[in-house]
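The values are calculated or read from the model by the stated rules, or taken from the named source; none is laboratory data. Just so you know, these numbers come straight off a predicted model, no measurement behind them. Cβ atoms come from the backbone with ideal geometry, glycine included; neighbour counts cover every protein chain shown.
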Amino acid sequence: MVYAFTFRLLVAALLAALCIPAAALASNPAAATVVLFNSNDPESRELALYYAARRKIPIARIVGLDCPTTEEISREEFNARIAIPLKKQFVSAGWWRLSTDGSSPPTITHTDIRFVAIMRGVPLKIAHDRLIGPAKHLPGMARVVLGRNDASVDSEIAALGLPDFTPAGLVLNPYFGRFTPILEDAMPPGLLLPCRLDAPSSATVRRMIDDSIATEESGLWGWAYVDSRNLTRDASADAAYVEGDDWMRRIAAQLRQRGMPVILDQSPDTLPQDFPVTDAALYYGWYTPEANGPFLQPDFRFRKGAVAVHLHSFSAGTLRTSSAHWCGPLLELGAAATLGNVYEPYLVFTSHLDIFQDRLMSNLTLAEAGYMSQRSISWAGVIVGDPLYRPFAAWDRFFSPSAAPNPWREFRQITANSNLLNAVVPLNEAARRTGDSMFLEALGAAQADAGHDAAALHSLHSALAYAKNPAVALRLRMEIAAIENRIHSGKPFSPP
């Protein structure tokens with residue numbers, strides 16, 4: 001059964017149930033957002049009210065679901081307790097309008113909703129049902145894909161209103177690879193973009209909400225750490241896995257081109273535990289089953305509003321613990337948003353992380369960037385965080401001469417839309433003027449990745465002279481040692 005809050009705000013509820021003009025939706029994504037919570041979980045309800053108040057979402061758009069409190073549910077439970085009640089609520093509230101031509105089943109011809117915020121307490125994933133036969137809607141797709149009907153609850157809700165929705169096998173995502181905000185794009189009206197505000201604790205969820213809203217005003221500034229596996233396209237390489245490493249390398253190139261300092265690790269292993277990770281605003285890495293490396297250091301914290309993703313088949317197998325898989329631990333360490341998978345997705349059907357980061361930096365919402373990066377829905381992926389979060393909303397404002405001094409902003413002003421390797425003189429000048437080692441460390445890291453070892457060593461040694469933080473000084477020494485070891489080994493460098 002579905003519950004829609006009205007309380008004493010009857011007028012607000014009635015207005016919210018009316019059709020909202022397209023122009024209003026396009027300028028205000030909150031007006032196109034529905035918030036879901038589990039009516040059997042008091043904390044879930046409180047989180048829904050808190051989020052709606054912070055994002056100014058009408059109270060009538062808060063919908064309670066009478067569903068189990070477990071993370072995993074059956075297909076039967078999903079249909080009876082989530083899918084069918086939601087469809088009825090969306091139609092009865094006027095958020096979905098159906099065709100009147102007598103078609104069976106009727107199709108959705110108009111929608112007033114696109115974004116869905118799913119609160120902690122709503123089930124996370126749907127177990128495979130052996131009684132459901134293989135899907136037939138995608139001829140030529142591998143049987144191992146078409147024969148599966150396990151999925152994340154969120155991804156299933158995304159496909160709920162599509163005419164080709166089926167509970168067996170994935171559904172190709174019509175929004176994949178797009179670049180237009182969902183409220184301005186001619187997408188099927190039944191397509192939804194759900195994100196999950198979920199974490200090991202309710203307190204962490206509230207912090208994620210607050211950090212997202214604060215970061216939109218102050219800006220997401222800091223280092224980007226990208227941890228590839230150094231896979232190259234040689235005869236021994238698995239092409240599917242090389243594709244994942246290509247995403248990582250493209251992310252590093254994108255970030256540098258847009259003015260964010262990057263440390264790109266290209267060793268086969270994940271970052272070592274003693275590697276100092278400071279001022280981490282972004283993290284992308286792969287491929288171990290459990291959080292490891294620097295993320296096990298007791299004093300590690302991400303910067304406010306950070307986006308952190310570790311690519312693994314079961315990275316979101318549970319979100320209710322800070323000690324298993326990746327998504328829960330990353331959020332508990334201060335990240336505001338992450339991506340994950342609840343079951344085996346196969347690499348091609350995971351989020352294409354280079355697309356995801358590109359769209360985030362183009363000031364699209366977390367939900368838009370997340371679904372633009374996913375080739376399939378009704379599958380295993382989840383996007384964890386505020387669906388309306390725009391991590392880089394404040395970046396352009398910081399080009400204003402009146403903006404407060406900020407070394408990260410200055411780095412962007414020097415390097416954005418140019419080749420970082422050509423900015424040697426202004427970056428050295430910025431380091432001398434500010435006494436901040438970041439300028440030259442970022443330069444040295446880019447030079448090393450391009451195979452310019454002598455120039456990289458000069459920049460990193462110069463950065464070391466400015467390093468005030470012992471952790472930063474240690475990291476610089478480790479970066480210098482890695483280059484020197486490569487030179488002394490005689491191993492040729494092959495830039496990506």
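Show me the strands (runs of 3 or more DSSP E) entirely contained within the stretch 209-294 in which 3 or more residues are crowded, with 20+ Cβ neighbours inside 10 Å and of a type in the set (Gly, Ala, Ser). Full working, then the answer.
On the way: elements: 223-227, 262-265, 280-285.
Answer list for the stretch 209-294: 280-285.
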All positions within the stretch 335-364 that are of a type outside the set (Phe, Trp, Tyr), more than 11 Å from the chain's Cα centre (by Cα) and assigned to a loop (DSSP other than H, G, I, E, B): Val342, Glu344, Pro345, Thr350, Met361, Ser362, Asn363, Leu364
Any hit, the stretch 22-31, residues being under 24 Å from the mean Cα position of the chain (by Cα), outside any helix (DSSP H, G or I) and either in the same structural domain as Arg120 (by TED's automatic domain parsing) or at pLDDT below 95 (or both): yes
Test: residue in the stretch 482-492 that is touching an Asp or Glu at 6+ places or on another chain (Cβ under 8 Å), closer than 27 Å to Arg250 by Cβ and small (Gly, Ala, Ser): no
Residue list for the stretch 314-334, filter: surrounded by fewer than 22 Cβ atoms within 10 Å (Cβ to Cβ) and under 15 Å from the mean Cα position of the chain (by Cα): Gly334
